[in-house]
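Take a look at the structure below.
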Amino acid sequence: MTASHVTSSTAEEPWPVRTVAMKVAGWIDRLGSIWVEGQLTQINARPGTRTAFLTLRDPSADMSLSVTCSPQLLERSPIPLTEGAQVILYGKLSYYTGRGTISLRATDIRAVGVGELLARIERLRALLAAEGLFDPRLKRPLPFLPRTIGLITARASAAEKDVLTVAQRRWPAVHFEVRHTPVQGPTAVPAILEALGDLDGNVDVIILARGGGSVEDLLPFSDETLCRAISKATTPIVSAIGHEPDSPLTDHVADLRAATPTDAAKLVVPDAVAEQNLVSDLRTRTAAALRNWVAREARGLEMIRHRPVLADPIAGIDFRSEEITRLVDAGRRDVMRELTKQDTLLEHLRARLQTLGPAATLARGYAVVQRMVTGGDPEVLRSVEDAPPGTQIRVRVADGAITAAVMGKVR
């Protein structure tokens, strides 16, 4: 329909209901025949009727579609079609203008076999793994002692009984927030998603539990929407779906996989008796280690007390005192010996200096003649040329000095 046709409907010129109904029917008719996949939630095929009425539901969303077909189409199916079966329909949508409803007229119905379901699960497994949803680094650790545990399971199921019984036996004070949901069929995934959103962030850990079953029964726990919701949750999630051989995709996305619901309770809740025994064992080992340490240190102190330095402390002082006395006497002797040696050497040097000194030379009859210099010190007279007649001179002899004047020089 073009824009002009849309705008042709105004408050002054409204379309009648039949026009709207016919246009909607035309739009839907142009869709043509299509293939649709879903789960059968209602089958109404009364004997003798020419039309069977079905309800096809999306397992990942709260949406359904009315389907009509020939009863013979159901009877010819190689696999009995029952409520909850996963099927693929081929047909054409029709809009019934009288009732204003849409229905799919199916001309072919194919049940999805186990092999096809497993193949689809494997394809989804590879996709989620490639996106990193199975990465161990994303796994959140479980709290050691959760205050509140969320449990999503079927009402009055064996899985619920196993989890609650085992958990309360292991830790009687444990508290549970239980959310009852369908765990198979077309309504399971929406209900589990709602319960997961309600518990996430309000409890310390969430257990998703159900007993074993066929591939079709466990199909909701390999749903892509549920797997992505578990991956985005902020609360650690334990997947306890089926038994040991079962491996739905939630086991890989969850933070921890439990083989059974009973195993999930053991993984989430510590055993009070075992923890008490562990505490008692640690206390016993700590006390024994402390006693051993004290005994070891006491032995060490006893050994130190028996050492000579502590057994007779004065003996060491006496021994050192005698040694110090000996060393002092030896040092004194060495010093006196050195002093005597240096005194003797000094006397020898003094005698040599006296022999070679000027005083000894003067004592032998020599004299030192100095020329008197005006305004300066006397200068030793070394040549007759330096003392012309009239020069004032000073003559030093052994017992004193005299002054004289030069009368002349003698050759």
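The values are calculated or read from the model by the stated rules, or taken from the named source; none is laboratory data. Predicted model only: the values in this text are computed from it and were never measured. Methodologically, a virtual Cβ is constructed for each residue, glycine included, from the backbone with ideal geometry; neighbour enumeration extends over all protein chains shown. Accessible surface is based on the protein model in full, side chains and every heavy atom, while ligands, DNA and RNA are left aside. Shrake-Rupley method; radii C 1.70, N 1.55, O 1.52, S 1.80 Å.
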Exercise. For the range 211-261, enumerate the residues that are open to solvent by 40 Å² or more (accessible area, probe 1.4 Å), in a helix (DSSP H, G or I) and of a type outside the set (D, E, K, R).
Key: Thr225, Ser231, His252
Quiz item: Cβ-Cβ below 9 Å, separation at least six or inter-chain, first residue in the range 157-177 and on the phi < 0 side of the Ramachandran plot, second open to solvent by 60 Å² or more (accessible area, probe 1.4 Å) and β-branched (Val, Ile, Thr): which pairs?
Solution: Arg170/Val273
Quiz item: So how many residues does the range 296-341 have that are open to solvent by less than 100 Å² (accessible area, probe 1.4 Å) and not hydrophobic (A, V, I, L, M, F, W, C)?
Solution: 15
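Looking at Arg382, Arg371, which one is basic (Lys, Arg) and touching a Lys or Arg at 6+ places or on another chain (Cβ under 9 Å)? Spell out the reasoning first.
Numbers: Arg382 fails: touching a Lys or Arg at 6+ places or on another chain (Cβ under 9 Å).
Matching residue, one of Arg382, Arg371: Arg371.
If you go through the range 191-210, how many residues are touching a residue at least 24 places away in the same chain (Cβ under 8 Å), open to solvent by 40 Å² or more (accessible area, probe 1.4 Å) and over 19 Å from Val166 (Cα atoms)?
Number of matching residues: 5.
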Exercise. Write out, first by first residue and then by second, each pair whose Cβ atoms fall under 8 Å of each other, whose residues are 6+ apart or on separate chains, and whose first residue, in the range 70-85, is closer than 20 Å to Gln39 by Cβ and among the small types (Gly, Ala, Ser) while the second is at pLDDT 80 or above and in a loop (DSSP other than H, G, I, E, B).
Key: Gly84/Gln184
Exercise. May I ask you to verify whether Glu385 is open to solvent by 80 Å² or more (accessible area, probe 1.4 Å), within 60 Å of the chain's Cα centre (by Cα) and acidic (Asp, Glu)?
Key: no
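Can you confirm whether Pro141 is in contact (Cβ under 8 Å) with a residue 12 or more places away in the chain, part of a loop (DSSP other than H, G, I, E, B), more than 19 Å from Cys227 (Cβ to Cβ) and open to solvent by 20 Å² or more (accessible area, probe 1.4 Å)? Spell out how you get there, then give the answer.
Numbers: in contact (Cβ under 8 Å) with a residue 12 or more places away in the chain: yes; part of a loop (DSSP other than H, G, I, E, B): yes; more than 19 Å from Cys227 (Cβ to Cβ): yes; open to solvent by 20 Å² or more (accessible area, probe 1.4 Å): yes.
Answer is yes for this residue.
Of the residues in the range 177-186, how many are open to solvent by 30 Å² or more (accessible area, probe 1.4 Å) and either among the polar types (S, T, N, Q) or in a strand (DSSP E or B) (or both)? If you could, list the steps in order and put the result at the bottom.
To start, the set of residues in the range 177-186 that are open to solvent by 30 Å² or more (accessible area, probe 1.4 Å) comprises 177-180, 182, 184.
This time we only want the ones that are either among the polar types (S, T, N, Q) or in a strand (DSSP E or B) (or both), so: 177-180, 184.
Of the residues in that region, 5 qualify.
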Self-check item: Count of the range 165-186 residues which are more than 26 Å from Gln276 (Cβ to Cβ), over 31 Å from the mean Cα position of the chain (by Cα) and not polar (S, T, N, Q)
Solution: 7
Quiz prompt | Complete set of residues in the range 58-79 that are at pLDDT below 85 and either closer than 15 Å to Val112 by Cβ or surrounded by 14 or more Cβ atoms within 10 Å (Cβ to Cβ) (or both) | solution = Asp58, Pro59, Ser60, Ser77, Pro78, Ile79
